[in-house]
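What follows is one structure encoded as structure tokens, with my remarks underneath.
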Amino acid sequence: MTAFSLRYLHLDVFTDHVFGGNQLAVFPLVTRGREPGGPEPLQLLPTVEVPSTELMQAITREMAYSESTFVFPPERPDTDVRVRIFTPAKELPMAGHPTVGTAFALAHDGVIPAGQPSIVFGLGVGPVPVTLRWADDGLAFAEMTQLRPTFGPPIAALDVVAEALGVAEGDIRSTGVPVQEVSCGIPFLMVPLASRAAVDAAALDRGGLVRLCRALGVAQVEVFLFSTEPAGDDTTAYSRMFAPGMGVAEDPATGAASGPLGSYLVKHRLVAPAEADRIVSLQGVKMGRPSRIHIAIEGTPDDITRVRVGGSAVMVGEGSVDCQARRPRLAT
């Protein structure tokens with residue numbers, strides 16, 4: 001078989017400086033056509049072989065970031081580009097930091113022309129609008145619209161939740177709000193804690209997580225824990241996320257969980273409706289990769305009508321993956 005390489009861009013997402021935020025590898029397999037006097041539709045790079053799903057999954061495991069994305073021409077007329085998102089364990093229907101980071105990668109490559117106000121990504125959940133804000137030196141902010149939230153019932157087994165996270169049950173109960181699954185495309189178990197110190201002290205227990213899944217009647221669960229304890233800064237919540245079922249032990253920035261977080265905060269009146277358009281989640285501090293995720297929620301606590309999640313990203317570098325490299329055999 002013919003060997004070929006795939007170029008990728010390495011970005012740090014939900015940060016304004018390198019070596020913070022959440023790492024992302026973007027494989028931009030597209031370019032713009034160059035038809036004189038006509039439109040410039042996205043098309044597959046002429047030098048690229050289309051990778052299979054199995055190959056994209058293998059590449060993502062090799063990259064060892066929490067996610068990698070692969071960008072293709074659009075598959076339907078109401079989108080501008082098709083983006084497939086993979087964790088080391090599986091493909092996702094949507095995700096936040098890959099969506100924001102991919103927008104920055106495409107802007108870097110000129111696939112998104114400077115000054116363009118928005119783009120629509122085709123994700124597994126369908127068309128996802130992404131609004132873009134520009135500065136003199138390039139893209140400054142990208143914000144995705146997520147699905148409206150769905151809320152599961154409150155979880156009664158707080159002792160099992162506490163055991164799985166290695167926290168005191170009292171640190172959950174004292175918040176006065178429920179442990180509850182919330183989804184804006186991917187479900188996350190929202191676990192409120194009394195303090196930032198309790199969030200930092202959490203340590204996932206794999207056996208406890210198995211018992212928690214059994215109690216919830218699910219095969220796996222992604223856990224998002226947070227505190228709204230004030231700390232004299234402009235952040236609304238201090239958070240961490242564990243997702244071993246996705247192949248991610250801990251994630252420094254989780255955009256797909258941030259829409260549910262903002263929705264939870266508004267629904268349970270931890271954030272006033274007048275402040276719901278400027279929620280900030282500080283995540284990844286415990287990992288040494290602080291991330292700032294901006295969340296805007298529209299509607300009322302009982303009827304949330306729109307969920308937006310956005311942030312910045314920075315380029316770190318680029319490279320290529322040899323997809324069919326072979327080790328030379330020793331002469332006999």
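Here, each number is a calculation from the coordinates, and none is a lab measurement. Because the structure is predicted, anything quoted here is derived from the model rather than measured. Cβ placement follows ideal geometry from the backbone for every residue including glycine, while neighbour counts extend to all protein chains displayed.
Taking packing as the residue-averaged number of other Cβ atoms within 10 angstrom, the listed peptides 19-28, 286-295 run from highest to lowest as 19-28, 286-295. Distances between every pair of Cα atoms in the stretch 207-311, grouped in 10 Å steps from 0 to the bin holding the largest one, split as 15, 43, 31, 11, 0 percent. Taking 0.36 nm per residue of sequence separation and removing the Cα-Cα distance, the residue 169/residue 16 pair yields an extension gain of 51.5 nm.
Please list, by residue number, everything in the stretch 186-225 whose backbone N is under 19 Å from a paramagnetic label point 7 Å out along Cα→Cβ of residue 76. Hits in the stretch 186-225 for residue 76 at 19 Å: 186. Based on every Cα atom in the chain, Rg and the maximum pairwise Cα distance Dmax equal 20.5, 76 Å. The modelled label-to-label distance for the pair residue 136/residue 318, using points 7 Å beyond Cα in the direction of Cβ, is 2.5 nm. Note on the stretch 58-122 and the stretch 276-328: Cα centroid distance 12 Å, given to the nearest whole angstrom. Just to confirm the number: angle between the C-alpha axis of helix 53-63 and the first principal axis of the chain, 0 to 90 degrees, nearest 10? Compared with the principal axis, the helix lies near 70 degrees. The length gained by stretching the chain between residue 203 and residue 61 to full extension, at 0.36 nm per residue less their Cα-Cα distance, is 48.7 nm. Label separation (residue 45 vs residue 32): 1.7 nm, computed from points 7 Å beyond Cα along the C-beta direction. Along the axis of the charge dipole computed for the stretch 150-308 (Cβ charges of +1 for Lys and Arg, -1 for Asp and Glu, origin at the Cα centre), the listed residues 235, 284, 154 are led at the positive end by 284.
Using a/c under 1.5 as the rounded threshold, could you call the stretch 158-230 rounded, prolate or oblate? The axes a ≥ b ≥ c are square roots of the C-alpha gyration tensor eigenvalues, and prolate needs a/b larger than b/c, oblate otherwise. Don't skip to the answer; put the middle values down first.
Working: a/c = 1.82, a/b = 1.30, b/c = 1.40.
It is oblate, given that a/c is not under 1.5 and a/b is not larger than b/c.
This model, with +1 at the C-beta of Lys and Arg and -1 at the C-beta of Asp and Glu, gives the chain a dipole about its Cα centre of some 640 debye. Could you tell me how many degrees, from 0 to 90 and to the nearest 10, lie between the Cα long axis of helix 96-109 and the main elongation axis, the longest principal axis, of the Cα atoms of the chain? Between the helix axis and the principal axis of the chain, the angle is about 30 degrees. Length gained on full extension, residue 302 to residue 54: 85.1 nm, using 0.36 nm per residue less the C-alpha separation.
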